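Everything on this sheet refers to the single structure shown next.
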Amino acid sequence: MFDWQEEAIAIGTMNHTEHNNGKGKRLNREDNEEDDDEEEDERDLEAWERAYADERSWESLQEDESGLLRPIDNKTLHHAQYRRRLRALSSTATAARIQKGLIRYLFLVIDLSRAAGEMDFRPSRMVVVAKQVEAFIREFFDQNPLSQIGLVTIKDGIAQCLTDLGGSPESHIKALLGKLDCSGDSSIQNALDLVHDYLNQIPSYGHREVLILYSALTTCDPGDIMETIQKCKKSKIRCSIIGLSAEVFICRHLCQETGGSYSVALDEVRLANEWILKAELCLHIN
């Protein structure tokens, strides 16, 4: 006996399978057509056009103030953001203890011992230091037009006053660029004794500061440096240090005793940021 119900089910299944196969073929044809279109578009582009299309270099452009398109320098943007964060942290921590209107008298002490000739900075520490010191001097006078700077160098265990306190950035820069040879040991005590004799004569309305750019890991001193530190503290001379090697205990102790700041620059970027912060330093009430 013929089963009409089973025959109907079999026919329905065959129709459904054929429908799915037909639909799948249509989808495959559509996909193949899209791939062919993309290949034709790529063939229409020249080789140099395809390279730029892959890089999407137009997305890394921005319009400057004059209306010209300039490439976005991500490294510069990162440095600017890092600098703004440092300024925000510094201003937040000292907002309650700021004294404005004082004239700054700053001695910039530069370590020119043999350690300054190391090659860990590129092309060398001395080249980087010279460039950053020049930038710092200009920035300092932009931020503090009525203030004065003097330069002191340390080498062969001796501190030498390169320039007296003055307000001419060009004279300081010219004097420094002619004395960039490194030799011997460094002596923090001799540098502090020298700048103390100068800064101790500054009237009370002036803010006395010392900023030391220190490359060595040791200090070769003729006497008790602790007495010299207390002498600077008594004279209200604020001493800050930027290290270029590693943290040194006596440097940390000097900055803590005199109310200064101590930091170690791990690379040229950090060094540049530290210089800017020192140039824009808010004056603390002792």
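The values are calculated or read from the model by the stated rules, or taken from the named source; none is laboratory data. Source: prediction; values computed, not measured. In this analysis, Cβ positions are derived from the backbone assuming ideal geometry, glycine residues included, and neighbour counts consider all displayed protein chains.
Just a few scattered comments:
- So Ser235, is it surrounded by fewer than 19 Cβ atoms within 10 Å (Cβ to Cβ), among the hydroxyl-bearing types (Ser, Thr, Tyr) and in the same structural domain as Asn200 (by TED's automatic domain parsing): yes
- Qualifying residues in the range 131-141 (those that are more than 21 Å from Val195 (Cα to Cα) and touching a residue at least 24 places away in the same chain (Cβ under 8 Å)) - the one surrounded by the most Cβ atoms within 10 Å (Cβ to Cβ): Gln132
- Index of the failed condition, Arg114 passing every other in (1) within 28 Å of Gly206 (Cβ to Cβ); (2) of a type outside the set (A, V, I, L, M); (3) modelled with pLDDT of 90 or more: (1)
- Residue match in the range 110-120 (condition: part of a strand (DSSP E or B) and either over 20 Å from Cys220 (Cα atoms) or assigned by TED's automatic domain parsing to the domain that holds His207 (or both)): yes
- The one condition in (1) more than 16 Å from Ser215 (Cα to Cα); (2) modelled with pLDDT of 75 or more; (3) of a type outside the set (Val, Ile, Thr) that Leu266 fails to fulfil: (1)
- Yes/no for Leu180 being farther than 14 Å from Ile212 by Cα, within 28 Å of the chain's Cα centre (by Cα) and of a type outside the set (Val, Ile, Thr): yes
- Residue, surrounded by the fewest Cβ atoms within 10 Å (Cβ to Cβ), within the range 143-182, restricted to residues that are part of a helix (DSSP H, G or I) and free of Cβ contacts under 8 Å to residues at least 24 places away in the same chain: Glu170
- Residues satisfying the stated conditions in the range 197-231, i.e. in a helix (DSSP H, G or I) and more than 27 Å from Cys182 (Cα to Cα): Glu227, Gln230, Lys231
- Residue among Gln143, Gln201 that is modelled with pLDDT under 95 and touching an Asp or Glu at 6+ places or on another chain (Cβ under 6 Å): Gln143
- If the condition is being under 20 Å from Gly178 (Cβ atoms) and touching a Lys or Arg at 6+ places or on another chain (Cβ under 9 Å), then the range 111-139 contributes Asp111, Leu112, Ser113, Arg114, Ala116, Gly117, Val128, Phe136.
- Residue check for Asp197: within 11 Å of Phe107 (Cβ to Cβ), more than 26 Å from the chain's Cα centre (by Cα) and surrounded by fewer than 22 Cβ atoms within 10 Å (Cβ to Cβ): yes
- Looking only at residues of the range 183-196 that are in contact (Cβ under 8 Å) with a residue 40 or more places away in the chain and in a helix (DSSP H, G or I), we find that the one that is farthest from Asp164 (Cα to Cα) is Ile188.
- Against the list (1) of a type in the set (Ser, Thr, Tyr); (2) surrounded by fewer than 17 Cβ atoms within 10 Å (Cβ to Cβ); (3) within 28 Å of the chain's Cα centre (by Cα), the condition Tyr205 fails is (3).
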